[in-house]
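Step one of this worksheet: look at the structure below.
None of the figures in this text is laboratory data; all of them are computed from the coordinates on show. Source: prediction; values computed, not measured. Neighbour counts are summed over all protein chains in view; Cβ atoms, including those assigned to glycine, are modelled from backbone coordinates with ideal geometry.
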Amino acid sequence: MKFIAPRGTKDILPEEACNWNKIEEISRTLFMIYGYEEIRTPIFEELALFARSLGETSDVVQKQMLNLEKEGLALRPEGTASVVRAYLEHSIDKKQSNLAKLFYIGPMFRGERPQKGRLRQFHQIGVEVLGPDSSSPYLDAEVIALSIHLLNTFGLKDFKLKINSLGDKQDKINLSAWLRENLQKKRKDLCGDCQERFERNILRVLDCRNLACQEIIKDLKGFGLSNPKSKEYFKNVQEALKDIGVSFEVDPFLVRGLDYYTQVVFEISSESESLGSQNALGAGGRYNTLIQDLGGGEKLGGLGFALGVERILLALKENPVIKEKSLLYYFVALDEDSLKVIFKRMNDLRQVMSKKGPINKNLLSGYKISPIKNQMSLANKINARFVVIVGENERKEGVVTIKDMETRNQQKKSWKEFEDMFTLQLMQERA
Ligand code: AMP
C-alpha cells in the first residue's frame, strides 16, 4: 500500500524548509518592529461560525468548505505516519545518506473530551530518524537524550523518563499471548475498554488508567521479554544512556498506545502539580516495521519522539520563563503635520531596523491626533520606554523631544542625533 499526500497539499521538504524559516524569521522580525503581537487560533471551528460570518449562501460555505469526512481525510492526530509517508513518497531513502534526521513543529488534532492538558488541537515538536542505518542502540540513546536536552533547555525541572522494550514483532505477539493467558481469569474484572482490547490489543491493558485494571496488573509476575536478541539491544540502549548521564527508570509495563512501536519505547512525565492527570510531556520509541507496513523496504527502520508544547508550557508555569521585554518607542504627534513627519520617519527607521536582523525594539504611534495627556497615558499603559514627541515647535526647530519614561528625563535632539542614538543602540544590541 503506497500513500501520497492528499490532493492539493504539498510536503515542505528539508531543502525547502530553510526558505520557509527565512520567511517566518523575517516576518517575525518585521511584525515586532511594527509593534504586532502574535495570535494563533485553532484550524477548525464550529461550522455555524463560518455560515454566520461568511453567509449561509456564500460560495465558500456552500461549495468550498472542505468536508473532511466526505473526502475520506482526517486532521493529523500525530506526526510519525505523515513523515514516514512523505519519506517514502519523495524517496528520501534513496536520495539521502542512509539516515534521514527530520524534525517537525506543528498542530495536531484529536477529537478527545477536552480537559486540562488535553486539547483537540495541540502542538507537537518531534523528530524522526529513518533509514537502513537507524538500528543502533546509540541512536536510540541519542534520540532519548535529545528529548531530555530540549526539556532541560526549555527550563523544565521535575520530570521523569521511563523506558521499556516491547521487542520485535514476534516478541509483541508472544507478550500479548502471555498476557491473554494470564489475564483470562480476571477478564470480566477489567474495565469495559480493556475487555474490548483483550483480543485486539491486549498490551494496552498495561497502561490503562482505570484503578481496577491497575490493581490486576500490579499482581502480574513474570511478564517480560524472552528473546535474547531484543533483551541485549535493550541492555545496550540502557548502557549508552548511562554513559551520557541520562537518568531513567525501566518500567516493564510501559507499552505506549500505538501499534507501530517495536523495541524501545519511552515516556517523559512531569511531576509538576499544574498538569494533573495529563502529565505526559512527550513520548516516543522505535518503529522498525512501520515503514515496511506503509510500502517501504524491509530494511528501513525508524524511531522518534514528540513533545507536547501546551503541556510543556503548563509545566513551565511553575518556574516561569522571564519574558524578555522589548524596548518600545512611542511616537506622539501634536498636530496633523507632525503626524505626517512621524509617519515618514518611523518608516525610515523600520527600514534600517529590518536590515539588522532580530532586534528587541519596536516603534508604535497613534494614527489620529488626540490630546497629549491621552497619548502619554497610553504610552505609559503599554510600557513604552521612550516617548518621542513632535509638535509645531519641534517641527520648526527640526528636533524631537525624547522622554525617557524610566528616568523621567526629557531632552531635545535633532532628528539626526536621535537616529544616530537609535542606530548606535541597535549596534550595541547586536554586538
Ligand atoms: P502521543 O503521540 O500520544 O505519545 O503524544 C505525545 C505528546 O503530545 C504527549 O506526551 C503530550 O505531551 C502531547 N499530547 C498528546 N495528546 C494531547 C492532547 N490531546 N492535548 C495536548 N497535548 C497532547
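Side notes on the structure shown:
- Formal net charge of residues neighbouring residue 258 (Cβ-Cβ distance under 11 Å; K, R +1; D, E -1): 0
- Between 0 and 90°, nearest 10: helix 137-154 axis offset from the chain longest Cα axis: 40 degrees
- Angle in degrees between helix 415-430 and the longest Cα principal axis of the chain, rounded to the nearest 10: 20 degrees
- Phi angles of segment 329-339 translate, via the Karplus equation with coefficients 6.51, -1.76, 1.60 and θ = phi - 60°, into HN-Hα couplings of 9, 10, 8, 10, 9, 9, 8, 4, 5, 5, 4 Hz per residue; Gly and Pro are given as x.
- Degrees between helix 169-183 axis and first principal axis of the chain (Cα, 0 to 90, nearest 10): 70 degrees
- Mean-square fluctuations from a GNM of the chain, with a 10 angstrom spring cutoff on Cα atoms, peak among 331, 50, 253 at 50.
- The charge dipole of the chain, taken about the Cα centre with unit charges on the Cβ atoms of Lys, Arg (+1) and Asp, Glu (-1), comes to about 440 debye, rounded to the nearest 20.
- For a straight C-alpha distance cut-off of 17 angstrom, the lysines reachable from residue 413 (same-chain residues fewer than eight places away being disregarded) are 396, 403.
- Cα-centre dipole for segment 72-148 with unit charges at Cβ (Lys and Arg positive, Asp and Glu negative), debye to 20: 500 debye
- Anisotropy class of segment 136-196 from Cα gyration tensor, a/c 1.5 cut: oblate
- Averaging the Cα positions of each part gives two centres, and for segment 373-407 and segment 6-63 these lie 36 Å apart.
- Note on the chain: dipole from Cβ charges, positive end direction compared against 66, 260, 343; the farthest Cα belongs to 343.
- Of all the options 248, 159, 31, the one that moves most in a Gaussian network model of the chain with Cα springs shorter than 10 angstrom is 31.
- 12 Å beta-carbon shell around residue 4, net charge (K/R +1, D/E -1): +2
- Across segment 268-283, computed HN-Hα scalar couplings (Karplus, 6.51 cos²θ - 1.76 cosθ + 1.60, θ = phi - 60°) run 10, 10, 8, 9, 6, 4, 6, 9, x, 6, 8, 9, 6, 8, x, 7 Hz from first to last residue, x flagging Gly and Pro.
- Three-way shape call for segment 35-176 based on the alpha-carbon gyration tensor, with the a/c threshold at 1.5: prolate
- Pairs beyond 28 Å (Cα-Cα), from 317/381; 101/218; 185/242; 70/101; 188/231; 157/361: 101/218; 185/242; 70/101; 188/231; 157/361
- Applying both filters, DSSP loop and at most 13 other Cβ atoms within 10 Å, to the trypsin sites (Lys or Arg not before Pro) of segment 11-120 gives 40, 116.
- Reach of residue 356 by Cα under 18 Å, taken over lysines that are not fewer than 8 positions away in the same chain: 22
- The DSSP beta bridges internal to segment 291-431 are antiparallel in roughly 45% of cases.
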